[in-house]
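Here the structure comes first, spelled out in structure tokens, and everything after it is commentary.
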Amino acid sequence: MIIGAFLIAGASLFYTNNLVQKLEKDERNKVKLWAEAIQKKARLVKYANNLFSQIDTDQSQKVQLWAKAERKIADINAPLGDLSFLLEVIKNNRTVPVILADDKGNTLSALNLPDSQKAKKRDTAYLNSQIKMMRELHTPIEINIGKNKKEYLYYSDSKLFTELTLVLNDLVRSFIKDVQSNASSVPVILTDSTETKVISSGNVDTLRIKDSVYRNAVIADMRQSNLPIEIELPDEGKQFIFYEESSLSKQLRYYPYFELGIIALFIMLGYFLFNSSRKSEQNRIWVGLAKETAHQLGTPLTSLMAWVEYFKSKNIELTDEMEKDVKRLETITSRFSKIGSTPQLEPYDVMDELKETKDYIRTRSSEKVKFTLQVTPNTDTVALLNPPLFSWVIENLFRNAIDAMSGEGAISIEVLRQANTIIIDITDTGKGVPKGKFKTVFEPGYTTKSRGWGLGLSLCKRIIEDYHGGKILVKNSEINKGTTFRIVLKAATNS
């Protein structure tokens, strides 16, 4: 299943990675096209601005020429040929609005005004308003026509130039809008020539961009991604456009890794579910086996108990050990019958259960095995127990210790009270457990015996942790020196 999952994941990742690379390439091409379009439009704006500046200069020169012509005409000593030319210059001005007025503001002549009818009728109010408007736009040209006599030439921009100026302003506004709002969602910042003042921005955090530290960091990152686009706008001077790849492009770049993480999570979840199902199946088999064993033991045990009662009724002497073994069989049957069901926990003195199990094992093991049971005097050692199951754990630990010592050594049991827990340390002088196996020894099937099933310590762990809510672990161990197993149980009373 895992191999199949990896094959599917690999094929999916390969396909999506190729697809993402194509999308990312397409996104980069969009950004590149946008940058090229912005550069071309910036050049167009600059060219238009230069063109309008030239038109404005030409218009000013035309007015200056018109004023010069007026001066020459006023000069009575001017040759007739020159006067003909000058009259032609004045006549050919058909675009620039001009008003010639004396030094008292009286209109002498007017040409190309917006309202030609009012100009012909010499509407004083209209002409005065035009003079006022022209004076605000341009400084009037002074014309000396005699001693202590002056005339003034007022002028404004031609209608064509005014319309072209509006077009230029629209072009500039359109350009800035294109920079801010672009179809490729490119993060962009427009700065002044110092690169410190943000004039406009788009697709960036407008609140955070006001922070100078954040702004400088973003601009530095954009400079590393792409060289800034230099532009010149009317009345603004040199400016810079900083930009970087779009957020979509970044997301596409990291998408394959995100997908790989999801696939890995799916594989892990699948393995976890499979492993849980396998363990659940093992548990059902184990419970069924345990209950079947209890059932099979029940029949001969009932018969043995009946024979014991019969012998007692006939006054036939039986050894105490034989009666203990029959009771032991009864306890074993009770243990197996409790596997798979929730046992009832009641307050029992741990010392009594330990002593009973120790005495039983000692009479059935070598005299070379020494047992010691230690507890601090006046210590409350009452815990919540199920005696048959708890004694099963202690018996398993004792038997493993005897096997590890090859039938010769010492087993010490120490009982401690810490806060609301009872701690039991069982130490032997056997072969020891490698540090790398401290947790492995509790797994089903782990054994160092040639004829063992590897279920003893796994069963101990299940009984202590699942049924009693406690903990069992290898406290410490040294090779060829011994091992200490620790059991932690809930105390029946608070300390």
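The values are calculated or read from the model by the stated rules, or taken from the named source; none is laboratory data. Predicted, not measured: the structure shown is a model, and the values here were computed from it. In this analysis, Cβ positions are derived from the backbone assuming ideal geometry, glycine residues included, and neighbour counts consider all displayed protein chains. In case anyone asks, the SASA skips ligands and DNA or RNA and just uses the protein heavy atoms, side chains included. Shrake-Rupley method; radii C 1.70, N 1.55, O 1.52, S 1.80 Å.
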Task: Rounded FRET efficiency, nearest 0.05, which uses the C-beta distance separating Q224 from N128 and R0 of 60 Å - done: 0.50
TODO: Take the alpha carbon atoms of the range 346-387, find their center, do the same for the range 406-468, and report the distance between the two centers in whole angstrom.
DONE: 16 Å
- [ ] Any chance you could run the full-extension gain for L160 through I479? It's 0.36 nm times the residue separation minus the Cα-Cα distance, nm to one decimal.
- [x] 104.5 nm
- [ ] Please report the relative contact order for the range 96-152, taking Cα pairs under 8 Å with a sequence separation of at least 6, and give it as a percent rounded to a whole number.
- [x] 32 percent
Task: Taking the range 364-495 and dividing mean pair separation by its residue count, relative contact order in percent (alpha carbons under 8 Å, at least six apart) - done: 29 percent
TODO: Report, to the nearest whole %, how much of the accessible area of the range 346-422 belongs to carbon and sulfur atoms, 1.4 Å probe, protein only.
DONE: 47 percent
TODO: Measure up K327/K461; K46/K197; K327/K368 against 23 Å on the Cα-Cα distance and list the ones that go over.
DONE: K327/K461; K327/K368
Open item on the list: For a bin width of 5 Å, list the pair-distance distribution of the range 349-495 built from all Cα-Cα distances, rounded to whole %.
Closed with: 2, 10, 20, 24, 22, 15, 7, 2, 0, 0
Task: F485, F242, reordered so the largest accessible area comes first (probe 1.4 Å) - done: F485, F242
Open item on the list: Which order do the peptides 421-429, 360-368 come out in when sorted by mean C-beta neighbours inside 10 angstrom, highest first?
Closed with: 421-429, 360-368
Task: Order by protection proxy (mean Cβ within 10 Å, highest first), peptides 209-220, 343-354 - done: 343-354, 209-220
Task: R0 of 25 Å, Cβ-Cβ distance S116-K40: FRET efficiency to nearest 0.05 - done: 0.05
Task: Probe 1.4 Å - accessible area at I199, Å² to nearest ten - done: 80 Å²
